[in-house]
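The values are calculated or read from the model by the stated rules, or taken from the named source; none is laboratory data. Quick caveat, the model's predicted, so the values are computed rather than measured. Neighbour counts are summed over all protein chains in view; Cβ atoms, including those assigned to glycine, are modelled from backbone coordinates with ideal geometry. Please note that ligands, DNA and RNA were not included when accessible areas were found on the heavy atoms of the full protein model with its side chains. Shrake-Rupley method; radii C 1.70, N 1.55, O 1.52, S 1.80 Å.
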Amino acid sequence: MRRIRVPGDKSVTQRALVFASLASGESRLRGLLPGEDPQATAAVLRALGVDIPPFGGDGAEVRIQGVGLRGLQAPQGVLDFENSGTGARLMLGVLAGQPITATVTGDASLQSRPMRRVTTPLSKMGAVFREMGEPDRLPLEMTGGALTSLDYDSPVASAQIKSALLLAGLVGGASVRLSEPYRSRDHTERMLGMCGVPVVSHQADDVWRVELRDPPEQIAPLDLEVPGDFSSAMFFLALAILGGVEGGVEISHVGMNPTRRGLLQVLGRMGANVGADPFKEHDAREPSSSLRGLPSKLVGANVGGEEVPAMIDEFPVLAVLASRAEGVTRITGAGELRLKESDRIRVLADNLRSVGVQAEELSDGLEIEGSDHPLAGRVSSHHDHRIAMAFGVLGALPGNRIEIDGADVADVSFPGFGVLLEDLTAART
Ligand code: S3P
């Protein structure tokens, strides 16, 4: 069995950079993801006056002196989040509570993604936005300041919306009460807890409620070890399950947050041979464990509804698993996939068909018919890191030959993905 680690969690790294910048005192962060997304967020925070030292792939401790909740400075130039939707949306929330004017933008992919899902509720709190390009899109000019409290029912389960609103309330000194149709990932709530800010969450009738009642004047710094990214780990777990690594794989120190690990349940239904070491389910900190995957015979599964949010980033890898399973996998209730780094429903269906898999696009999902025929062809990443990695895994399986245009985009969340893939598969006899 090959033992590997994957880089730090992207969602946790992004939040750690933001919270450390807003804290009163020095935060100590270990295992930060050095991927392009967090680097873009760090560059923006530097432009807002926070001294964030460079961080690389060694996971070494990074110390950040926070500037306090309202200590960010007006930036000189445009704030460019490049490909990072999480960075942009969370920071729109932070900037909404700062008495400064800033212009926010991103790369072509980020400029094609909706922003009113955060700017509409943030406007209700008092922030002012001016769309400088297309409606509902970046670039935006915004002015923040002291905010008023918000009671908001989000139409989608989205941790980015939830986090932007909680951060706006925290920085702008306003209470926030929100609901989402299903519970989305809770890294922000946990990190608020670690910084000494209580957040109340619970299931109420048919929605998930989250409340920030009395935002404090300052927050405590973090002492945090970022776990390996569950979503990154799933690419190598899939590779092992599909017989791409001799003897299987063990991935240590993988984040096991229950609002992230939904794919494990689906893998169980598909018949995958996967195991995890026992681990503690912390309330505030992020749980982690070692995961093992062994070659397995898979069957198709139905996936949809409330299980979607806890595996929202895993549909590219699920599509690849489904293409090698016996029978049909039907994914529904996942319309949000059209709004990710690419339209993942369309791109997955197109790419799967390009290599010889039968795949049907549904309005809110996909139907994929698995087979064990050798797969070959050319696909495009569409500048989407998870599409690049998913087809990297499919192409690395014995008998398959897949060329990927734009495979380098994996660096957005997983620097070193290609090298690790090469290393694990080159060792096959
Ligand atoms: C993220 C939330 C999810 C996820 C994204 C990271 C986060 O997006 O897809 O990769 O860190 O909050 P949505 O909030 O749009 O569901």
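At-a-glance table
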read-out: Residue 148 - accessible surface, heavy atoms, 1.4 Å probe, Å² rounded to 10; value: 80
read-out: Alpha-carbon centroid distance for the pair the range 29-73 / the range 186-207, whole angstrom; value: 24
read-out: Nearest-0.05 FRET efficiency for residue 108 and residue 128, computed from C-beta distance (R0 30 Å); value: 0.70
read-out: Gyration tensor verdict on the range 230-426 (Cα atoms; rounded if a/c is under 1.5, prolate if a/b is larger than b/c, oblate otherwise); value: rounded
read-out: Gaussian network model of the chain, Cα within-10 Å springs - most flexible of 197, 171, 94; value: 197
read-out: FRET efficiency estimate (nearest 0.05) - Cβ-Cβ, residue 427 to residue 403, R0 22 angstrom; value: 0.45
read-out: For the range 279-296, 3J(HN,Hα) per residue [Karplus equation, 6.51 cos²θ - 1.76 cosθ + 1.60, θ = phi - 60°, Hz, x = Gly/Pro]; value: 8, 8, 8, 6, 7, 9, 7, 8, x, 8, 7, 9, 10, 10, x, 10, x, 9
read-out: Computed lengthening from residue 307 to residue 353, 0.36 nm per intervening residue step minus Cα-Cα distance; value: 14.0 nm
read-out: Ranked order, 152, 182 - accessible area, probe 1.4 Å, largest first; value: 182, 152
read-out: Positive minus negative residues near residue 332 (Lys, Arg vs Asp, Glu; Cβ under 10 Å); value: -1
read-out: Candidate lysines - alpha carbon under 29 Å from residue 162, same-chain residues fewer than 8 apart omitted; value: 10, 124, 280, 340
read-out: Environment charge of residue 103, counting only residues whose C-beta is closer than 12 Å and scoring Lys/Arg +1, Asp/Glu -1; value: -2
read-out: Rounded to the nearest 10 Å², the accessible area of residue 223 at probe 1.4 Å; value: 80
read-out: Between helix 116-125 and the chain: long-axis angle, C-alpha atoms, 0 to 90°, nearest 10; value: 20
read-out: Distance from the range 389-429 to the range 103-122 (C-alpha centre basis), Å; value: 31
read-out: GluC sites (Glu not before Pro) within the range 213-297, DSSP loop, no more than 10 other Cβ atoms inside 10 Å; value: 217, 281
read-out: Gyration tensor verdict on the range 10-225 (Cα atoms; rounded if a/c is under 1.5, prolate if a/b is larger than b/c, oblate otherwise); value: rounded
read-out: For the chain: accessible area per residue (Å², 1.4 Å); value: 37
read-out: Within a Gaussian network of the chain (alpha carbon springs, distance under 10 Å), most fluctuating of 201, 323, 179; value: 201
read-out: Degrees separating the helix 10-22 axis from the principal Cα axis of the chain, which is the longest one; value: 10
read-out: ³J(HN,Hα), Karplus 6.51/-1.76/1.60, whole Hz, each residue of the range 57-73, x for Gly, Pro; value: x, 7, x, 4, 4, 10, 10, 10, 8, x, 9, x, 4, 10, x, 5, 9
read-out: Extreme residue, positive dipole direction of the chain, given options 104, 215, 397 (C-beta unit charges); value: 215
read-out: Nearest-20 debye value, the range 230-426 charge dipole, Cβ charges on Lys, Arg, Asp, Glu; value: 280
read-out: 0 to 90° range, to nearest 10: angle between helix 36-47 axis and the chain longest Cα axis; value: 10
read-out: ³J(HN,Hα) computed for each position of the range 341-358 - Karplus, 6.51 cos²θ - 1.76 cosθ + 1.60, integer Hz, glycine/proline x; value: 4, 9, 6, 5, 5, 5, 5, 5, 4, 4, 5, 4, 5, 5, 9, x, 9, 7
read-out: Solvent-accessible surface ranking, highest first, for 184, 288 at 1.4 angstrom; value: 288, 184
read-out: Computed FRET value (nearest 0.05) for residue 116 with residue 269, which takes r as the C-beta separation and R₀ as 30 Å; value: 0.25
